[in-house]
Amino acid sequence: MPNYDFKTLSPIDFEILSRDLLREELGIRLENFKSGRDRGIDLRYCTDGENSVIVQCKHFAESSFNLLRREYKEREVEKIKKLNPKRYIVVTSLGLTPDNKDEIVEMCSPYINTPSDVLGKDDLNGLLVKFPKVERHTFKLWLTSIPILEELLHSKLKNVSRDALGKIQNHAKYYVKNESFHDAIRILDKYNFCIIAGIPGIGKTILAEMLSLHYVDLGYEIVKITGDISEAMAVDYVNQKRVFFYDDFLGQAALSEKLNKNEDQKLLDFIHTIHFSKVSKLILTTREYILHQAQLIYEKLSREKFDAETCIIDLKKYNRLNRAQILYNHIYFSDLTGEFKNALLEKRNYLKVIDHHNYNPRIVDLMTQYSRIGHVSASEYFKFFMFNLDNPLEIWRHAFEEQLSDNSRNLLIVMASMPEYVFVEDLQEAFLSFHLKQGSVYKFETSPNDFMHALKEAEGNFIAIEKSRDRRMIRFHNPSIRDYLREYISSNEQVLRSLVIAATFYDQHMILWEFREEQSELLKYRKVLVKYQSEFLRALAYSINFETCRLINFKGSGGETYKEKWSMSFEARATLMISVALELKSELSFKLLWQVLEIINQRMVNNQSNREDLVRFLKEYNKGAGIIGELRAAFISNAKTYFTTDIDSLYDLEEFWEFRDIFPGIIDGALLTSLEAKFIEVAEEDLYYNPEDPDFYRDDAYKIEKLAKRFNIDMKRRIEALEDRAQELDAEQPGDPHDDYEGYGGGGGGGEAYSDGDIDSLFGTLEK
């Protein structure tokens, strides 16, 4: 029998668990009662307008029986008499002896007729054994069970570290189900994949985590993708029920962090495969503005209609009760002292928080951590809370400007110009370059030990250090830190200038260039670029052949995943040079662009170019056709040759059509006829890779169907043959029985209005 102490449940969570267990045990539908404060009703069953059954839930896990006894003597007995129920049930998280139960029965007589209507900790654990479905669906409960955690760690949570599991466990305490959860479940049940998009801090990651736990309950294994979609493609998603969780799949703060190295096509291929899968689900999260950027930049993504498959996390989905419950949970489980908690409770200040137009779960989380607000007095705490709601990025300003050394500030500034994950030694190199530059500008002394001192100071609150094999890599502890630093850099001309000039890796230039895409920062950035464009362009040209610092995932010989540097093609680098030249329109920028064009021209002649990246380059190139001049004819001719020769796969043909769409009049009829023949030849080839996987046949059928439309060729017979083979293999696979259980806990629908009294009733339990 389990031995839960229920300490990870808030009073509200405990009430929901009690409701669900008693519904099963009694066979009646108990309703949560939310009308007014302290009326002595938590759950109720009504017949003929009478209180047939009333349940009072007392979550006293941290208290004693003496306190429970006093509670009934001084308050509850009189309430029971007024309610006059036919049956009264007490549920508490306290461990109760038979004498304890008899004493409560005696106090509450005649409404409690038997000690069995007084349920303590042991009784609840017994009911959890009797009704295991309730236990499984109450993940806030079983995530604290050591045996279950070990089982999850070793069999359920593939690719998820003990540290990551601990984070999910901690996040679950604060989570409140809302309509977004149910919307996402409906989307996943229909399409098998869901893109959760929303503003920073709105709760995308925690929703994805809770959705993953929902599918764990249904027998799925979690695969957390930490690098790129190749991780998912290397895992068996045909024979085994798996839910893939890919957080920030388009980058944490900038699009340049992701979707390179053909990832856009691989991602779409995997989404298509999952869509037709019988056993797997895919959950992706992204910031909504990055999703829109990706669809503008990457044509393959723009052609896909994600609307129906996108679950947008909208603040409207958080009704007043949802907002109140999130704040309540954060206060209840916080390490805040009583003085700070009272500052939110007095004068009903919590109402001002939950009704604030900038209400955001991330701000609530940060503002209920004592380490973040400890420098503020309890008397000033509520004012400080509201100030940060008014100015969301300000939450990091005090810590950044007042609590850190210059060394640590320079470290964080440099990190904001780099990809999400970097090796510590690469960060050190970039830091030293920027740090020395700042030292020369502001005339302060630097030391070889500055980096290690900065790293030690910032670790924990600002940055996190992880390991990949025997190498250390580093990331921001919280994405909002980067958001703040992005604003700080864009608003500080000297810092931006030093970053641009001192950038050590080409990735830094790409990320800094994206700053200009924020409309509010465009003029600031352009002003700095124009003012210091010679320095910037020389730094850009100097670093174009430097190695990159972005990390992507690789599979080891033993199947383990590790991170290693991504080798960015010259074409991918050159795309940035075109964008810069077209923005600045200076003699020096065009001179550098010409040099880049000559290199790419030669790479095409030598068959060295990356097809995917070359397509993206040519899209940018075509925007500046009027300034390219005499090189254009020869350049386009070589590009034409490159995309129409050495074709031996469906992928090559897809890239040909990408090229054809950029230059529609360049392909004559004879050449198109020869490519049609090549398409038929490639399409009819037998699948020599993974021939027992139905999704490979289905994926090829999908690609052939798209290409057949482009070539205007009837490939119906081949497509049907591939789909038939996929269906044959599907029939050989075990089925996916659907669990139609609707689920326990949580709630709160979309448009229901909740009064101040309802919210007061909730927060009144904290006062006790």
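Results, tabulated for the structure shown:
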{"item": "Residues located in the range 68-111, provided they are part of a helix (DSSP H, G or I) and among the hydrophobic types (A, V, I, L, M, F, W, C)", "result": "Leu68, Val77, Ile80, Leu83, Ile104, Val105, Met107, Cys108"}
{"item": "Test: residue in the range 277-293 that is out of contact with any strand residue (DSSP E or B) (no Cβ under 8 Å at 6 or more places or on another chain), aromatic (Phe, Trp, Tyr) and either at pLDDT below 60 or not in a strand (DSSP E or B) (or both)", "result": "yes"}
{"item": "Scan of the range 390-408 for residues that are part of a helix (DSSP H, G or I) and of a type outside the set (A, V, I, L, M, F, W, C), ordered by number", "result": "Asp390, Pro392, Glu394, Arg397, His398, Glu401, Glu402, Asp406, Asn407, Ser408"}
{"item": "Sole residue being touching a Phe, Trp or Tyr at 6+ places or on another chain (Cβ under 9 Å), modelled with pLDDT under 85 and over 30 Å from Gly227 (Cα atoms), chosen from Leu141, Leu124", "result": "Leu141"}
{"item": "Which numbered condition Thr504 misses (of (1) modelled with pLDDT of 85 or more; (2) under 26 Å from Val441 (Cα atoms); (3) assigned to a helix (DSSP H, G or I))", "result": "(3)"}
{"item": "Residue within the range 700-710 that is more than 33 Å from the chain's Cα centre (by Cα), farther than 26 Å from Thr273 by Cβ and either modelled with pLDDT of 90 or more or surrounded by 15 or more Cβ atoms within 10 Å (Cβ to Cβ) (or both) present", "result": "no"}
{"item": "Subset of the range 179-229 [β-branched (Val, Ile, Thr), closer than 20 Å to Arg287 by Cβ and either at pLDDT 85 or above or out of contact with any helix residue (DSSP H, G or I) (no Cβ under 7 Å at 6 or more places or on another chain) (or both)]", "result": "Ile187, Ile195, Ile196, Thr205, Ile206, Thr226"}
{"item": "Where Thr644 falls short, out of the listed (1) among the β-branched types (Val, Ile, Thr); (2) modelled with pLDDT under 85; (3) out of contact with any strand residue (DSSP E or B) (no Cβ under 9 Å at 6 or more places or on another chain)", "result": "(2)"}
{"item": "Yes/no for Leu411 being farther than 23 Å from Gly227 by Cα, at pLDDT 95 or above and not in a loop (DSSP other than H, G, I, E, B)", "result": "yes"}
{"item": "Residue ranges of helices (runs of 4 or more DSSP H) in the range 316-389 with at least 3 members of a type outside the set (Gly, Ala, Ser) and more than 25 Å from the chain's Cα centre (by Cα)", "result": "338-345, 349-354"}
{"item": "Wholly within the range 165-233, helices (runs of 4 or more DSSP H) carrying at least 1 residues that are β-branched (Val, Ile, Thr), out of contact with any Gly (no Cβ under 6 Å at 6 or more places or on another chain) and without any contact (Cβ under 8 Å) to a residue 40 or more places away in the chain", "result": "179-191"}
{"item": "Matching residues, the range 543-577, being among the aromatic types (Phe, Trp, Tyr) and at pLDDT below 85", "result": "Phe546, Phe554, Tyr562, Trp566"}
{"item": "Ala726 at pLDDT 70 or above and more than 33 Å from the chain's Cα centre (by Cα)", "result": "no"}
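Condition check ((1) modelled with pLDDT of 80 or more; (2) assigned to a loop (DSSP other than H, G, I, E, B); (3) surrounded by 15 or more Cβ atoms within 10 Å (Cβ to Cβ)) across all residues:
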{"residue": "Lys7", "(1), (2), (3)": "yes, yes, no"}
{"residue": "Ile12", "(1), (2), (3)": "yes, no, yes"}
{"residue": "Arg19", "(1), (2), (3)": "yes, no, yes"}
{"residue": "Gly36", "(1), (2), (3)": "no, yes, no"}
{"residue": "Gly40", "(1), (2), (3)": "no, yes, yes"}
{"residue": "Asn51", "(1), (2), (3)": "no, no, yes"}
{"residue": "Ile54", "(1), (2), (3)": "yes, no, yes"}
{"residue": "Ser63", "(1), (2), (3)": "yes, yes, yes"}
{"residue": "Asn66", "(1), (2), (3)": "yes, no, no"}
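To keep it simple, each residue is scored yes or no on (1) modelled with pLDDT under 90; (2) at positive phi.
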position: Glu304; (1), (2): yes, no
position: Ala308; (1), (2): yes, no
position: Ile312; (1), (2): yes, no
position: Tyr328; (1), (2): no, no
position: Ser334; (1), (2): no, no
position: Thr337; (1), (2): no, no
position: Lys347; (1), (2): no, yes
position: Val353; (1), (2): no, no
position: Arg362; (1), (2): yes, no
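Here is a yes/no grid of residues against (1) in contact with a His (Cβ under 6 Å, 6 or more places away or on another chain); (2) over 24 Å from Ile12 (Cα atoms):
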{"position": "Asn66", "(1), (2)": "no, no"}
{"position": "Glu74", "(1), (2)": "no, no"}
{"position": "Lys79", "(1), (2)": "no, no"}
{"position": "Pro85", "(1), (2)": "no, no"}
{"position": "Ser93", "(1), (2)": "yes, no"}
{"position": "Asp99", "(1), (2)": "no, yes"}
{"position": "Glu103", "(1), (2)": "no, yes"}
{"position": "Cys108", "(1), (2)": "no, no"}
{"position": "Tyr111", "(1), (2)": "no, yes"}
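Results for (1) touching a Pro at 6+ places or on another chain (Cβ under 6 Å); (2) under 23 Å from Leu496 (Cβ atoms); (3) without any contact (Cβ under 8 Å) to a residue 24 or more places away in the chain; (4) crowded, with 21+ Cβ neighbours inside 10 Å, shown as yes or no for each residue.
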| position | (1), (2), (3), (4) |
| --- | --- |
| Leu389 | no, no, no, no |
| Glu401 | no, yes, yes, no |
| Asp406 | no, yes, no, no |
| Val414 | no, yes, no, yes |
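The values are calculated or read from the model by the stated rules, or taken from the named source; none is laboratory data. Small disclaimer: the values here were computed from a predicted structure and weren't measured. Reconstructed Cβ throughout: ideal geometry from the backbone, glycine too, with neighbour counts over all protein chains shown.
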